[in-house]
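Read the structure below first, then the notes.
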Amino acid sequence: MTHGGDAQAVLFGLDPLWLSTAIFIGAYVVLLSERVHRTVAALLGAAAMVVTGILSQDQAIAGIDFNTLALLAGMMVIIAVTRRTGVFEYIAIWAAKRARAEPIGILIILALVTAVFSALLDNLTTVLLVVPVALLISDKLKVSPYPYLFSQILAANIGGTATLIGDPPNILIGSATGLSFNDFLLQLGPIALLILLLVLALFYGVWGASLQTTADLKARVMRFDERGSIRDVRLLRQSLAVLGLVILGFVLGEHVGVAPGTTAMAGAALLLLLTGIGQDERGKAEQVREALQEVEWSALFFFIGLFVIVQGVQATGLLERLAAGLMGLTGGDPMVTAFTTLWLSAAVSSAIDNIPFVATMIPLVETMVPGLGGAAAAEPVWWSLALGACLGGNGTLIGAAANVMVAGLSERAGTPISFVRFLLIGMPVMIASVALANVYIYLRHFL
Amino acid sequence: MLTCREVMRPTTTPLYVDDPVARAIDFVLTRHMGLVPVVDRQERFVGFLSGERLMRALLPKHLTMVRGLDRMGYLRESQEELRERLDGLEQRPIGEVMDPRAEVVHPDTPLIEAQTILAGTQFVVPVVDPDSGRLLGAISFFTILALLRGEPSWSERLENDGQAEGTGA
């Protein structure tokens, strides 16, 4: 292991390219096998890159994208504090009552709520909070919970597609390329909205007639009092104010050179400061401790490991070779490259975790940028990568973390989702939405 | 050395893990008991059914499956809705509702171990046969304090008054 400088002294004089490829493939095989926790697998792969001398310690640390880590950690703290207020349940119930407790109306409005929350927060927290309410309502109305579960999964992934902070692949792409919150919103927001509306229209067509209930059962839902879900009005005001500031910071940040990670971390610190006001030292310490406990440290360490593994294969030239191969396949044509990237990332993301895939694709696409004609010409490839990775998650029940979360919740509720049953809905929706995204990319960038 | 055998109160239970919850509710309502041991058909101790577990099972299951979502101040339920949920609960086997995580001791275990468990999270410590796992007795703070004071335990007094039978410590 070396501390600084270039990679050198590779173990037993092995070819660094082959060794890094072996470590990369080994780590990904272990990741996919799910026999070892994904964080452990990623950290072991990262450690192997350093211990075998492929990367120096400084190179490994330089490969870690601290903007992504700060954005994830900052938002985790803000969401953890905000969810304690009960505001998510408030909005879900308020929205359901606006639909006059009509089953199909509730399905559509809860899907919209989930899509918006997923775009502005993160889709895992969103489904964790909205799906139990959706299941409760379907139980009260005595209608099948499956349309609600399926619509929640699809809406979470489509909503997350729309913004830089909605889904981890977008966070990774935004951080690596410098594409801003506004860029993502303006480029991906319209197509995500269109796809969501079409999916909801599909749900209306498929389930609108069969989701029927009685006036008595609707009255049960209409009796819900959303105000009862608010647990701490002061905390609610503080959380919403900080959340608003953070989103404003994302929008304005690019103009003043403040990266999203800094904005999210500043927001988290401000919220912790506000929640501590009026408390004694012990109370303040407790507030901070509780908020930090909610941070998914395993996810952050997973990203750290992944960044170092990818840095390893980048340093030895593997990604350069892969990029050259891909360029040969597409002839260096930006349009063909964009469409290939879109469908490839959708296909891969429907079957495996899209985070390691996108983490690998980013330096690969970066390598291809000069050959594609520069940063501006390569931009559609980035949007294709984001759209494919996010929308591809709808293809199967294991395509995205939100899907797995909903599957777990529904199983605990006694209404398990079968893989095939979801596939029959998710795969056609995924293929149709990626096809639509393909047309959108063509019309927007190549016509 | 004081062992659990010397302190425990011999205990039996009429609740089996595959009985419907309705039977358990009949039993606790009749005996005014908040905590009842549950055994399998080989009389091996498998867990406790408590008032808390019954009340939790009577809450909407969708809101108890995730930690942190169990504040339900927005629900406005009628007696009819609660009754419907109770009907569903009564059909379920006791095994789905009981707490299977209770710590147990053996008759020859030093009493201090049972005391440590009682000082932690459990109100009652089951005493089970080390070989067969059969429920032999139970120890609570009543049995320990009653022993030290040389007095009959609370449940023994009830039993003497003809008000208690079967279970409890």
- prompt: With the contact rule set at Cα under 8 Å and sequence spacing of 6 or more, what percent relative contact order holds for chain B?
  reply: 33 percent
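At a 1.4 Å probe radius, carbon and sulfur cover how many percent of the accessible area of region A:72-201?
70 percent
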message: I'd like the Karplus ³J(HN,Hα) series for region A:277-287: coefficients 6.51, -1.76, 1.60, θ = phi - 60°, whole numbers in Hz, and an x wherever there's a Gly or Pro.
response: 4, x, 9, 6, 4, 5, x, 4, 4, 5, 4
Inter-label distance, nm, simple model (7 Å from Cα along the C-beta direction), B:Ala119/A:Ile277: 4.4 nm
field: Probe 1.4 Å - accessible area at A:Ile108, Å² to nearest ten
entry: 40 Å²
task: Please report the base-10 log of the normalised intensity I(q)/I(0) for the protein assembly as shown, using a Debye sum with one equal scatterer per alpha carbon and no solvent, at each q in 0.08, 0.12 (1/Å).
output: -0.72, -1.21
- request: Would you mind computing, in nm to one decimal, how far apart the modelled labels at A:Ser418 and B:Asp99 are, each placed 7 Å from Cα along Cα→Cβ?
  value: 3.8 nm
- prompt: In degrees, nearest 10, range 0 to 90: what is the angle between the Cα axis of helix A:401-412 and the longest Cα principal axis of chain A?
  reply: 40 degrees
- request: Report the one residue of B:Ile94, A:Leu387, A:Val404 whose Cα lies farthest in the direction of the positive end of the charge dipole of the protein assembly as shown (charges on C-beta: Lys and Arg +1, Asp and Glu -1; origin at the Cα centre).
  value: A:Leu387
- prompt: Counting each DSSP H run of 4 or more residues in chain B as -39500 (n - 2.57), what helix-only mean residue ellipticity at 222 nm follows after dividing by all residues, to the nearest 500 deg cm²/dmol?
  reply: -10500 deg cm²/dmol
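For region A:132-221, give the magnitude of the charge dipole about the Cα centre (Cβ charges: +1 Lys/Arg, -1 Asp/Glu; no others), in debye to the nearest 20. Numbers along the way, then the final one.
Numbers: 4 positive and 4 negative charges, 74 e Å.
Roughly 360 debye, rounded to the nearest 20.
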- request: For region A:117-217, compute Rh as the Kirkwood radius over C-alpha pairs and then the Stokes-Einstein diffusion coefficient at 25 °C and 0.890 mPa s; write the answer in µm²/s, rounded to an integer.
  value: 166 µm²/s
- prompt: Relative to the first principal axis of the alpha-carbon coordinates of chain A, what is the inclination of helix A:66-83, with its axis defined by its Cα atoms, in degrees from 0 to 90 and to the nearest 10?
  reply: 10 degrees
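In whole percent, what relative contact order does chain A give with Cα contacts below 8 Å and a gap of six or more residues? Don't jump to the answer; show the numbers that get you there.
Working: 689 pairs, mean separation 96.3, N = 447.
Taking the mean separation of contacting Cα pairs over the length of chain A, I get 22 percent.
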- prompt: Which Cα, out of A:Leu107, A:Ile25, A:Gln238, lies furthest along the positive dipole direction of the protein assembly as shown (beta carbon charges, K/R +1, D/E -1)?
  reply: A:Leu107
- prompt: Of A:Leu217, A:Ala315, A:Ala413, which is farthest on the positive side of the dipole of chain A, counting Cα position, with +1 on Lys and Arg Cβ, -1 on Asp and Glu Cβ, and the Cα centre as origin?
  reply: A:Leu217
task: Would you mind computing, in nm to one decimal, how far apart the modelled labels at B:His32 and A:Trp94 are, each placed 7 Å from Cα along Cα→Cβ?
output: 4.8 nm
query: In degrees from 0 to 90, rounded to the nearest 10, what is the angle of the helix A:334-351 Cα long axis to the longest principal axis of chain A?
result: 60 degrees
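Measure off, as a whole percent, the carbon and sulfur share of the 1.4 Å-probe accessible area of region B:93-154, all protein chains present. Write down the numbers at each step before the final one.
Details: 1980 of 3450 Å².
That fraction is 57 percent.
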Within chain A: Cβ-based charge dipole about Cα centre, in debye rounded to nearest 20 (Lys, Arg +1; Asp, Glu -1): 1540 debye
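Per residue, how big is the convex hull around the C-alpha atoms of region A:65-161? Give it to me in cubic angstrom, could you? Write down the numbers at each step before the final one.
On the way: hull volume 7.8 nm³, N = 97.
Hull volume normalised by residue count: 80 Å³.
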field: Cα-based shape type of region A:289-433, given that a ≥ b ≥ c are square roots of the gyration tensor eigenvalues and the cut on a/c is 1.5
entry: oblate
- line: When A and B pair up, the total accessible heavy-atom area removed from solvent (1.4 Å probe), in Å² to nearest 100, is 2000 Å²
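Restricting to lysines 8 or more places apart or on different chains, can you count the pairs in chain A with Cα atoms under 16 Å from each other?
Working: A:Lys97/A:Lys140; A:Lys97/A:Lys218; A:Lys140/A:Lys218; A:Lys142/A:Lys218.
Counting lysine pairs in chain A gives 4.
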- prompt: So which residues of region A:102-144 lose at least 40 Å² of accessible area, probe 1.4 Å, when you go from the chain by itself to every protein chain present?
  reply: A:Pro132, A:Leu136, A:Lys140
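Where Lys and Arg each count +1 and Asp and Glu each count -1, what net charge lies around A:Arg289 among other residues with Cβ under 13 Å from its Cβ? Walk me through the numbers before you get to the answer.
Details: positive: A:Arg282, A:Lys284; negative: A:Glu281, A:Glu286, A:Glu290, A:Glu294.
Counting the neighbours of A:Arg289, the net charge comes to -2.
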- prompt: Roughly how many Å² of A:Phe66 are accessible to a 1.4 Å probe, to the nearest 10?
  reply: 120 Å²
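The values are calculated or read from the model by the stated rules, or taken from the named source; none is laboratory data. Note that the structure is a prediction, hence the values are computed from the model and not measured. Neighbour counts run over all protein chains shown; Cβ positions are idealised from the backbone, glycine included. Remember, those area values only see protein heavy atoms, side chains included, never the ligands or the DNA or RNA. Shrake-Rupley method; radii C 1.70, N 1.55, O 1.52, S 1.80 Å.
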